[in-house]
Amino acid sequence: MTNGKPSIKVPSNLWEALAQLRRQPLAEFPTPLLPMRRLSRAIGGVDIWFKRDDLISFGLGGNKVRGLELLVADAMAQGAEVLVTGAGAQSNHVRATAAAAACCGLGCIAVFWGDAPARVDGNYRVTRMLGAEAVFTGDPDRTSVDRGIEALCEELRHKGQRPYSIPRGGACALGALGHTLAAHELFEQCRQLGLATESIVLATGSGGTHAGWLVGTRALGSPWTVESFTVSRQAEAVPIEIARLATEAAALLGLNWRFAPAEAIVHGGFIGAGYGIPSPEAADAIRLVGRTEGVLLDPTYTGKAMGGLLENLRRGLVPYRSVVFLHTGGEPAFFAGDGKWLA
Ligand SMILES: *Cc1c(COP(=O)(O)O)cnc(C)c1O
């Protein structure tokens, strides 16, 4: 453990328990782990590697596909007919869920906060094309989605249908376990490459991804620290949510593990004007990564997290020789709106 607690003995059947979870295959794993040599040289002092979950081809990819393999399999095992989930109209999670529903012959209803956007672009365009039904809460409060999902499922059940609800952003214990598997996948790749990775860096929205990585990291004997940059909720609130999800995810594997909020390292300060609103730091990071590596980051998640990592590097706050940045995808958001933020 990085916090100095004695390391916990990992039950040998943990990975077996994970392997036995029902999975609906949607993507091909492992995703590539690639050195970003020109980017590393441009910033100096640290070797940056990208774990390319953006290259998951299914439904335009991204980290959400990992959780969906488990969630969709669970939905089908329960005989569900329709997936009900939600977030903002530009959600990667909703777009990936709509794709998963389509290829599994399930319906999909998306509950979005606020009102229908004026432009049908980016993820929202893909989500609509995939056949998902869109419902708007009319309330700009993001938690209105949670109430909307619940009410809609209730209504569908009343009509005799079998809905399967996936919480906002896909953040739930079962979905988080998809990211626990990703931690194992990276561990194996590092071992094959002889890469002693000290740090995993990612963008955090709802917290499910970070939570799953925490469970996996502890199970692997903590070979690295996991740090995220919040792009929506305030940094003080996020670790509580991550710890809760990690504890619940471990419980699904029969582990009586407790995660404390202090174990979830979450950096604030890079949300900019708000969730989904591109920041100048994200624009700089997107340009730098694009022009050194030809890799596209997105303005909502990965661009902001990379902006944060670059700033921490400049301030001398990254005491590692190598960092693996989780490229969690999200590129469709790059094509939403007028793109003036990049000008
Ligand atoms: C959802 C998302 C994240 C964050 O994942 P959470 O589990 O919601 O914290 C990071 N990057 C991208 C591109 C995403 O779509």
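The values are calculated or read from the model by the stated rules, or taken from the named source; none is laboratory data. In this text the structure is predicted, and so the values were computed from the model without any measurement. Every residue, glycine among them, receives a Cβ derived from its backbone with ideal geometry; neighbour counts consider all protein chains shown. In case anyone asks, the SASA skips ligands and DNA or RNA and just uses the protein heavy atoms, side chains included. Shrake-Rupley method; radii C 1.70, N 1.55, O 1.52, S 1.80 Å.
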What does the convex hull of the Cα atoms of the chain come to per residue, in Å³, rounded to a whole number?
128
Would you work out the relative contact order for the chain, in percent, from Cα pairs under 8 angstrom that are 6 or more residues apart?
20
Given the -39500 (n - 2.57) contribution per DSSP H run of 4+ residues, what per-residue ellipticity at 222 nm results for the chain, rounded to the nearest 500 deg cm²/dmol?
-12500 deg cm²/dmol
So what are the ³J(HN,Hα) numbers for the range 98-111, from phi and the Karplus equation (6.51, -1.76, 1.60; θ = phi - 60°), rounded to whole Hz, Gly and Pro as x?
4, 5, 5, 4, 4, 6, 9, x, 9, x, 8, 10, 10, 9
Placing +1 on each Lys and Arg Cβ and -1 on each Asp and Glu Cβ in the chain, then taking the dipole about the Cα centre, the residue among Gly131, Asn92, Val46 whose Cα reaches farthest towards the positive end is Val46
Quick one: accessible area per residue over the chain, 1.4 Å probe, rounded to a whole number of Å²?
43
Expected vector for the range 80-97, Karplus 3J(HN,Hα) from phi with 6.51, -1.76, 1.60 and θ = phi - 60°, integer Hz, x for Gly and Pro, equals 5, 10, 9, 8, 10, 8, x, 3, x, 4, 8, 5, 5, 4, 5, 4, 5, 5
Which distance in nm do the two modelled labels at Lys159 and Arg128 give, with both placed 7 Å along the Cα-to-Cβ direction?
2.1
If you count only protein heavy atoms and use a 1.4 Å probe, how large is the accessible surface of Ser322, to the nearest 10 Å²?
10
In the range 199-283, what GluC sites (Glu not before Pro) fall in a loop by DSSP, with at most 14 other Cβ atoms inside 10 Å?
Glu236
Near the amide H of Val226, under 5 Å away, which other amide H atoms are found, from residues 5 or more places off or on another chain, if H is placed in the peptide plane?
Ile200
Quick one: Karplus J couplings for the range 260-266, per residue in order, coefficients 6.51, -1.76, 1.60, θ = phi - 60°, nearest Hz, x for Gly and Pro?
9, x, 5, 7, 9, 8, 10
Candidate residues Lys159, Lys64: accessible-area rank, largest first, probe 1.4 Å
Lys159, Lys64
Ranking by accessible area, most exposed first, for Arg142, Arg315, Arg41 with a 1.4 Å probe:
Arg41, Arg315, Arg142
Straight-line reach only, C-alpha to C-alpha below 15 angstrom: list the aspartates and glutamates that Lys64 could link to, leaving out same-chain residues fewer than 8 apart.
Glu28, Asp53, Asp54, Asp298, Glu331
For the chain, the dipole about the Cα centre with charges only on Cβ (Lys and Arg +1, Asp and Glu -1), to the nearest 20 debye, works out at 560
Computed on Cα atoms only, the convex hull of the range 64-170 has an orientation-averaged projected area in nm² of 6.0
In whole percent, and with a 1.4 Å probe on the protein chains, what portion of the accessible area of the chain is carbon and sulfur?
52
Would you calculate the volume per residue, in Å³, of the smallest convex hull containing every Cα atom of the range 128-266?
149
At 0.36 nm per residue, and after removing the present C-alpha to C-alpha distance, how many nm does the segment from Leu317 to Trp341 gain when stretched out fully?
5.9 nm
Within the chain, the percent of DSSP beta bridges that are antiparallel, given to the nearest 5, stands at 10
Report, by chain and number, residues whose modeled amide H sits under 5 Å from the one on Asp47, excluding near sequence neighbours (fewer than 5 apart, same chain).
Ser322, Val323
Using a simple charge model, +1 on the beta-carbon of Lys and Arg, -1 on the beta-carbon of Asp and Glu, nothing else, what dipole does the range 67-179 show about its Cα centre, in debye to the nearest 20?
200
Could you report the accessible area of Ile149 in Å², rounded to 10, computed with a 1.4 Å probe on the protein chains as they sit in the structure?
10
Does the range 207-338 come out rounded, prolate or oblate, given a ≥ b ≥ c as the square roots of the eigenvalues of its C-alpha gyration tensor, rounded meaning a/c under 1.5 and, failing that, prolate meaning a/b above b/c?
prolate
So if we plug the beta-carbon distance of Arg38 and Glu188 into 1/(1 + (r/R0)^6) with R0 = 22 Å, what FRET efficiency do we get, rounded to 0.05?
0.25
